[in-house]
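Below is one structure; the comments refer to it alone.
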Amino acid sequence: MRSKREKRQRYQESPYALWGNRIPMASTWRKSLGHPETVPLLLEIGCGKGEFSVFIAEKRPEWLIIGMDRKAERLQTAVLRAETHRLPNLYFWHGDAQTLHSAFAQGEVQEIWLNYPDPYPKARHAKHRLIHPRFIWQYEWILSEGGLLHIRTDDEGLYYYAQEQLHAASWSVEQAVPLLLDRAEESLGVKTEFYLKRGGVVRYLCAKRPVRRLLEC
Ligand SMILES: C[S@@+](CC[C@H](N)C(=O)[O-])C[C@H]1O[C@@H](n2cnc3c(N)ncnc32)[C@H](O)[C@@H]1O
């Protein structure tokens, strides 16, 4: 079995890997990756081993798909999958969601997905939840007008916490499904590693970014 260091190295060697100076500058993602400016961009945050990103890149060949995760050893499996599928519209970015506001220009992204994010159930760890206000404002910043945030979780606490936080930040929750049946789930995306490990009830939220108001002088 490969060590963490070897996995990181294998990830970094892949043409599907975006790390270090291969990460595009804000506002240049499409151009740097050789895609027309009109192509919509979907970002999966905390993509782990990349099952969903690969699934959605195949389902939406006209989109540019970026899977990102802060753990390079998980991304190694993701790039191996991308290499097998030879997808021209998919990349895996080694990064941290805390930096989204500087990684993308305002409105550069059309859709964000969070698949089974860590629930961090203890209140003192709440700031690590990917749906904490310190991330929500960044999602609002990088999403374009009408941009959507999709969340799938098996954690009841996180499902209700996410709704509270989104309402508090003036997002419009378009869909809140406390029990997603198998067929509906399959149409949204594949079962990822974490879903298969825990295998509980799947809950789904879809929320629209608030409309930006011009500041009054
Ligand atoms: C529970 S796993 C889910 C992985 C995958 N979405 C799945 O369903 O199999 C959560 C993932 O989010 C990543 N993650 C957590 N916080 C993050 C952050 N601030 N920035 C980037 N990735 C993060 C973790 O490294 C981990 O791979």
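The values are calculated or read from the model by the stated rules, or taken from the named source; none is laboratory data. Only a predicted model underlies this, so the values are computations on that prediction, with no experimental measurement involved. Positions of Cβ are generated from backbone atoms using ideal geometry, with glycine treated the same way; all protein chains shown enter the neighbour counts.
If you filter segment 83-125 down to residues that are in contact (Cβ under 8 Å) with a residue 12 or more places away in the chain, within 15 Å of the ligand (Cβ to nearest atom) and part of a helix (DSSP H, G or I), you find that the one that is farthest from Glu37 (Cα to Cα) is Gln98. When segment 120-151 is filtered for residues that are touching a Lys or Arg at 6+ places or on another chain (Cβ under 7 Å) and over 13 Å from Arg209 (Cβ atoms), the ones remaining, listed by number, are Tyr120, Lys127, Arg134.
Can we say Ser27 is of a type in the set (S, T, N, Q), away from the ligand (no atom under 16 Å from the Cβ) and within 20 Å of the chain's Cα centre (by Cα)? Break it down into steps so the answer makes sense when it comes.
On the way: of a type in the set (S, T, N, Q): yes; away from the ligand (no atom under 16 Å from the Cβ): yes; within 20 Å of the chain's Cα centre (by Cα): yes.
Yes: the conditions hold for Ser27.
The number of residues in segment 126-158 being more than 15 Å from the ligand (Cβ to nearest atom) and either within 14 Å of the chain's Cα centre (by Cα) or surrounded by 18 or more Cβ atoms within 10 Å (Cβ to Cβ) (or both) comes to 5.
The set of residues from segment 48-61 being over 11 Å from the mean Cα position of the chain (by Cα) and farther than 17 Å from Val109 by Cα comprises Lys49, Glu51, Val54, Phe55, Glu58, Lys59.
The rows are residues; the columns are (1) within 18 Å of the chain's Cα centre (by Cα); (2) at pLDDT below 95; (3) not in a helix (DSSP H, G or I).
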{"residue": "Tyr160", "(1), (2), (3)": "no, no, no"}
{"residue": "His167", "(1), (2), (3)": "no, no, no"}
{"residue": "Ser187", "(1), (2), (3)": "yes, yes, no"}
{"residue": "Lys191", "(1), (2), (3)": "yes, yes, yes"}
{"residue": "Tyr195", "(1), (2), (3)": "yes, yes, no"}
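Scanning segment 34-47 for residues being more than 15 Å from Gln110 (Cβ to Cβ) and touching a strand residue (DSSP E or B) at 6+ places or on another chain (Cβ under 8 Å) gives a total of 2.
Residues in segment 164-175 that are touching a residue at least 12 places away in the same chain (Cβ under 8 Å) and surrounded by fewer than 17 Cβ atoms within 10 Å (Cβ to Cβ): how many?
Qualifying residue count, segment 164-175: 7.
Buried (at least 22 other Cβ atoms within 10 Å of the Cβ), away from the ligand (no atom under 16 Å from the Cβ), closer than 18 Å to Glu111 by Cα and of a type outside the set (S, T, N, Q): does that describe Leu64? Spelling it out, Leu64 is indeed buried (at least 22 other Cβ atoms within 10 Å of the Cβ), away from the ligand (no atom under 16 Å from the Cβ), closer than 18 Å to Glu111 by Cα and of a type outside the set (S, T, N, Q). Considering every residue within segment 141-156, establish whether at least one is part of a helix (DSSP H, G or I) and more than 24 Å from Val202 (Cα to Cα). So far as segment 141-156 goes, yes, one or more of its residues are part of a helix (DSSP H, G or I) and more than 24 Å from Val202 (Cα to Cα).
All conditions but one from (1) within 9 Å of the ligand (Cβ to nearest atom); (2) aliphatic (A, V, I, L, M); (3) more than 15 Å from the chain's Cα centre (by Cα) apply to Leu80; the one that does not is (1).
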